[in-house]
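S.K.: I'd like to ask some things about the structure below.
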Amino acid sequence: MTPTRRAILAGGAGIGILALGGVGLTRFIGNSTADNSGKEPQVQAVLFDPDQPVLGNPQGDVTVAEFFDYQCPFCKRGHADLMAEVEADGNVRLILKDWPIFGGSSIMASQMVLGAIASDDYTAAQAALMATPARLSDDDVRRTLTRAGFDPEALLASYRQDRDRWDGLINRNGQHAAALGLQGTPAFIVGRQIHAGAMDRTALNRAIAAAREVS
């Protein structure tokens with residue numbers, strides 16, 4: 001079943017959708033298994049979902065995960081710094097966990113970009129949408145991807161061919177966010193430490209170094 005805005009927000013236990021702007025929640029992912037009792041999910045479930053696309057170095061010694069939305073202004077503002085730091089480091093495993101909580105256009109954007117995986121165009125499609133202004137209509141999503149050289153209908157067709165896989169991934173991301181008590185996008189996990197809100201490159205660099213110290 002295709003995830004809807006209502007379903008995603010319900011999966012988030014009614015939490016807000018505004019970013020926390022760098023609150024920096026300092027706590028760690030637990031080792032319990034996520035279930036209906038609200039326990040935190042296992043590290044393996046959150047950071048090593050087999051359906052999750054991986055960027056950076058797949059064998060990196062530190063995993064950075066960002067819960068993001070294609071319409072989140074803070075996500076987009078920090079995206080270039082995130083990608084630059086991962087590239088400069090060379091040993092970071094990066095996952096961008098789709099959490100489309102800003103509505104239907106966010107869901108469409110996630111679906112189209114996940115549909116690009118079949119043709120190995122995930123990174124390019126994602127980069128095109130992350131470079132846009134925050135708010136996007138369905139037409140904005142289509143125009144942006146068209147200008148980047150994609151056929152939006154082909155991307156949607158590719159997504160639909162494997163929709164159970166991608167819808168399952170998006171729904172699990174929402175469940176993880178709710179279980180971890182995240183309040184909006186962006187939210188980062190660096191190693192096992194949760195950082196709520198935006199992170200600039202300096203903060204990200206320090207968090208990665210701290211994660212290595214405790215690994």
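The values are calculated or read from the model by the stated rules, or taken from the named source; none is laboratory data. Owing to the predicted nature of the structure, the values given are computational and were not obtained by experimental measurement. Virtual Cβ from ideal backbone geometry, glycine too; neighbours counted across all protein chains shown.
Here's the yes/no breakdown for (1) surrounded by fewer than 16 Cβ atoms within 10 Å (Cβ to Cβ); (2) at pLDDT below 85; (3) acidic (Asp, Glu):
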{"site": "23", "(1), (2), (3)": "yes, yes, no"}
{"site": "34", "(1), (2), (3)": "no, yes, no"}
{"site": "45", "(1), (2), (3)": "no, no, no"}
{"site": "48", "(1), (2), (3)": "yes, no, no"}
{"site": "56", "(1), (2), (3)": "no, no, no"}
{"site": "63", "(1), (2), (3)": "no, no, no"}
{"site": "67", "(1), (2), (3)": "no, no, no"}
{"site": "70", "(1), (2), (3)": "no, no, no"}
{"site": "74", "(1), (2), (3)": "no, no, no"}
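S.K.: Look at segment 86-112 and say how many of its residues are farther than 16 Å from residue 65 by Cβ, without any contact (Cβ under 8 Å) to a residue 60 or more places away in the chain and of a type in the set (A, V, I, L, M, F, W, C).
M.R.: 4
S.K.: Then there's this: If a residue counts only when it is in contact with a helix residue (DSSP H, G or I) (Cβ under 9 Å, 6 or more places away or on another chain), under 19 Å from residue 44 (Cα atoms) and of a type in the set (Gly, Ala, Ser), which helices (runs of 4 or more DSSP H) contained entirely in segment 126-215 have at least 2 such residues?
M.R.: Values: elements: 138-147, 152-161, 163-179, 201-214.
Because the criterion is at least 2 residues that are in contact with a helix residue (DSSP H, G or I) (Cβ under 9 Å, 6 or more places away or on another chain), under 19 Å from residue 44 (Cα atoms) and of a type in the set (Gly, Ala, Ser), the helices (runs of 4 or more DSSP H) in segment 126-215 that meet it are 163-179.
S.K.: Could we say that residue 92 is at pLDDT 95 or above and touching a helix residue (DSSP H, G or I) at 6+ places or on another chain (Cβ under 8 Å) here?
M.R.: Working: at pLDDT 95 or above: yes; touching a helix residue (DSSP H, G or I) at 6+ places or on another chain (Cβ under 8 Å): yes.
Yes: the conditions hold for residue 92.
S.K.: For a quick check of your reading of the model, give me the residue pairs whose first member lies in segment 170-199 and is under 20 Å from residue 102 (Cβ atoms), whose second is part of a helix (DSSP H, G or I) and not small (Gly, Ala, Ser), with beta-carbon atoms closer than 6 Å and at least 6 apart or on different chains.
M.R.: Partner pairs satisfying both residue conditions: 174/8; 176/46; 185/75; 186/74; 186/75; 198/74.
S.K.: Right, something else. Of all residues in segment 66-102, which are within 15 Å of the chain's Cα centre (by Cα), assigned to a loop (DSSP other than H, G, I, E, B) and either on the phi > 0 side of the Ramachandran plot or of a type in the set (Phe, Trp, Tyr) (or both)?
M.R.: Within segment 66-102, 70, 99, 102 meet the criteria.
S.K.: Something else: Note down all Cβ pairs under 6 Å where the first residue falls in segment 113-140 and is surrounded by fewer than 17 Cβ atoms within 10 Å (Cβ to Cβ), the second is small (Gly, Ala, Ser) and outside any helix (DSSP H, G or I), and they're at least six residues apart or on different chains.
M.R.: Filtered contacts from segment 113-140: no entries.
S.K.: Here's something else I'd like to know. If we scan segment 107-116, do we find a residue that is more than 22 Å from residue 188 (Cβ to Cβ), touching an Asp or Glu at 6+ places or on another chain (Cβ under 7 Å) and not basic (Lys, Arg)?
M.R.: Yes, the conditions are met somewhere in segment 107-116.
S.K.: Residue check, residue 150 against (1) among the aromatic types (Phe, Trp, Tyr); (2) within 19 Å of the chain's Cα centre (by Cα); (3) over 20 Å from residue 95 (Cα atoms), all met but one. Which one?
M.R.: (2)
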